[in-house]
Structure formats: structure tokens, C-alpha cells
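Worksheet for the structure shown next.
The values are calculated or read from the model by the stated rules, or taken from the named source; none is laboratory data. Remember, predicted model here, so these are calculated numbers, not experimental data. Cβ sites come from the backbone with ideal geometry, for glycine too, and all protein chains shown count toward neighbours. All accessible areas refer to the heavy atoms of the entire protein, side chains included, with ligands and DNA or RNA removed. Shrake-Rupley method; radii C 1.70, N 1.55, O 1.52, S 1.80 Å.
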Amino acid sequence: MSSYFSFAPEHFDNNGDQGNIDALRHFVERQGSNLVEAASPIDSDFVIFGDASRAAMAHYESMLIDYVEILSQRLDRGSPTLLVGSCYEFFWPRLTGTAMTEAARSSEFRSIDTELGAVLGYRNSTLATEDIFIRDGFIGTTLFGPVLAINPELLDRVLNSMKLKPASWSQEELELVEKVRSDFTDG
């Protein structure tokens, strides 16, 4: 059995970021295991902090600060974690001591070259710094939505970090992923 922690999923899901849990659950269950919700990120196999509105970020700021040390430990270990959008922007300077440089807002589909190959997603950010950070299973990104579902290499990185096998995709699933990915690059 594997566990996940998702911070305030009802407010931290601006662009379907919680769909990453659905994608992960699908492939964990395909391996004959379960993915269950945990009350804390401390011992969770996977942790997600999705994107949220400015109002939600302001409302939860003091609670988010309380997670900095736990996330710092997860980053050091490369533990399976996904920080998306505003949470990536919020936590990154606190985790690394590195300021994020601002630029004009870009709102567009992107393909980003990484060590895993091209990672695709929708970006809506004022950051001028990197759109994705990967350390083992720890991922921070400005790319929204169910990035694990459309980026099999990212999903496999998370599964591997959880000590599970790579995802086993059906032909129909692979065709759907390729369709979505081609829409990003053609669009």
C-alpha cells in the first residue's frame, strides 16, 4: 500500500492539479496495490501541493510556512513530491534560498527539455527562472494540471522513487497521451 498527502485539495487545484493523484492511483492500482490518503506529508509516499488562487495562498500562508521544513527534508532526499504553480513559487525560495526572478507574465503551452526528455504542460507565470526542477522524485514546476498523466517519464520517475515499477500503459492510453502531447506541440 502506498500513501499520498495533498494539501487542501479543494483550494489547491486551479488547473486540475489534483488529477496527478488520479493518474498515480491508476498506475499504482494497476500494480496490484492501493494509494490511500495520509493525514500528514511526513511519512507519505507522495506529496502534492497544487496551484491555488492568490486569495487561497494568502489565507493558507501561515499553514504553508509550517511545511517548509518537511518539504526541505523531502527535497534533500529526493522524495516523491510535486509542487505546482503558486506553491512552487511560494516554496522554492524558502527551500533553496534562491530568489525567483520575475518577468512579464507568460500564459502558454510549453515543451521543456529535461534530463527525462521533453516535459509538456501549460504555463501561466511571471517567473523568469526554470519552469521545472527535478531531483529524483521531487518535482517543482510552473506547469499546471495533470502533468504526470501527459508526461510518462515524470510519472515513471515518481513511481520509481516510490519503489514501484514503471507505469504499464495500454495502447489506448498511449494513443491518448500522444494525442494530447501533439496538441501541445501543434498548437
Of all residues making up segment 120-140, the number that are open to solvent by less than 10 Å² (accessible area, probe 1.4 Å), modelled with pLDDT of 90 or more and of a type in the set (A, V, I, L, M, F, W, C): 2
Could you say which residue among SER44, SER3, SER53, SER40 is in contact (Cβ under 8 Å) with a residue 40 or more places away in the chain, open to solvent by 40 Å² or more (accessible area, probe 1.4 Å) and among the small types (Gly, Ala, Ser)? SER53
Exception for ALA104 within (1) over 20 Å from PHE46 (Cβ atoms); (2) open to solvent by less than 60 Å² (accessible area, probe 1.4 Å); (3) not charged (D, E, K, R) falls at (2)
Residue list for segment 107-116, filter: open to solvent by 30 Å² or more (accessible area, probe 1.4 Å) and within 17 Å of the chain's Cα centre (by Cα): PHE109, ARG110, SER111, ASP113, THR114, GLU115, LEU116
